[in-house]
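The values are calculated or read from the model by the stated rules, or taken from the named source; none is laboratory data. What you are looking at is a predicted structure, and each value in this text was computed from that prediction instead of being measured. We place every Cβ from the backbone using ideal geometry, glycine too, and count neighbours over all the protein chains shown. SASA here: full protein model, heavy atoms, side chains in, ligands and nucleic acids out. Shrake-Rupley method; radii C 1.70, N 1.55, O 1.52, S 1.80 Å.
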Amino acid sequence: MEEKDCIFCKIIRGEVPSQKLYEDDKVYAFRDINPVAPVHILIIPKKHIVGIQTLEEEDECLVGHMFTVAKKIAQQEGIAPDEDLNRGYRLVFNVGKDAGQTVFHLHLHLIGGRQMSWPPG
Ligand code: 5GP
Ligand code: ZN
C-alpha cells in the first residue's frame, strides 16, 4: 500500500475526516471509527510505516513518543490508573493479519473505559 492510497495517510493530510485529539510534528491521534470500548483512540506516526514488522532502529524514538502521547491522552480521557492502580487502559499494536492488523500504517490502539479480560481473543 502506497502512502497515496493509505487511509491513515489520508487522515493525516485531512483528505478523510477524523476526530482529532492531538497532533504534533511526529504523530497524530484520533478516535477509532469503530470503537471496541468507551474510549478507543489511535495514535499514528505521520511517517508511513507499515507496522512493527517493518520498524527500523531509527524509528525507536518515534515509537517511544507514541507511548508518551498515549499516556497523556489517557490522563485527559480520565482512564489513567489512580494511586491505588484502579481504572486503566490497554495499549495494543496488532502486528500482521493473524494478529488482527487491517490497516497497514503503524498505529497504537489506546482502549479503555471498561473492565477488560485477558487473554484477548
Ligand atoms: P487494526 O485492526 O489494523 O489493528 O486497527 C485498525 C483500526 O482502524 C480499526 O480499529 C478500525 O476501526 C480503524 N479504522 C479503519 N479505518 C478508519 C477510518 O477511516 N477512520 C477511523 N477513525 N478509524 C478507522
Ligand atoms: Zn500511511
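Quickly run through the range 93-114 and pick out the residues that are loosely packed, with under 14 Cβ neighbours inside 10 Å and either closer than 20 Å to Val50 by Cα or modelled with pLDDT under 95 (or both). The answer is Gly96, Lys97, Asp98, Ala99, Gly100, Thr102. Filtering the range 40-95 to residues that are of a type in the set (Asp, Glu) and more than 25 Å from Met116 (Cβ to Cβ) leaves Glu56, Glu57, Glu58, Asp59, Glu60. For Phe67, the test of being under 22 Å from Lys10 (Cα atoms), of a type in the set (Phe, Trp, Tyr) and either within 15 Å of ligand 1 (Cβ to nearest atom) or under 15 Å from the mean Cα position of the chain (by Cα) (or both) is failed.
So, of the residues in the range 14-41 that are assigned to a strand (DSSP E or B) and open to solvent by less than 40 Å² (accessible area, probe 1.4 Å), which turns out to be farthest from ligand 1 (Cβ to nearest atom)? Going through the qualifying residues, I end up with Val27. Among the residues examined, Lys72 does not qualify as over 20 Å from Lys4 (Cα atoms), within 16 Å of ligand 1 (Cβ to nearest atom), surrounded by fewer than 16 Cβ atoms within 10 Å (Cβ to Cβ) and among the basic types (Lys, Arg). Of the candidates Tyr28, Tyr22, the single residue that is among the hydroxyl-bearing types (Ser, Thr, Tyr), more than 16 Å from ligand 2 (Cβ to nearest atom) and more than 20 Å from Ala99 (Cβ to Cβ) is Tyr22.
Here the range 1-13 is the region considered, the condition is being closer than 24 Å to Cys61 by Cα and charged (D, E, K, R), and the residue that is surrounded by the fewest Cβ atoms within 10 Å (Cβ to Cβ) is Glu2. Taking the criterion of being outside any loop (DSSP other than H, G, I, E, B) and in contact with a His (Cβ under 8 Å, 6 or more places away or on another chain), the residues of the range 72-95 that qualify are Arg90, Leu91, Val92. For the range 105-113, indicate whether the set of residues that are assigned to a helix (DSSP H, G or I) and at negative phi is non-empty. No, the range 105-113 contains no residue that is assigned to a helix (DSSP H, G or I) and at negative phi. Which of the residues that make up the range 33-50 are touching a strand residue (DSSP E or B) at 6+ places or on another chain (Cβ under 7 Å), within 16 Å of ligand 2 (Cβ to nearest atom) and within 25 Å of Pro120 (Cβ to Cβ)? Matches in the range 33-50: Leu42, Ile43, Ile44, Pro45.
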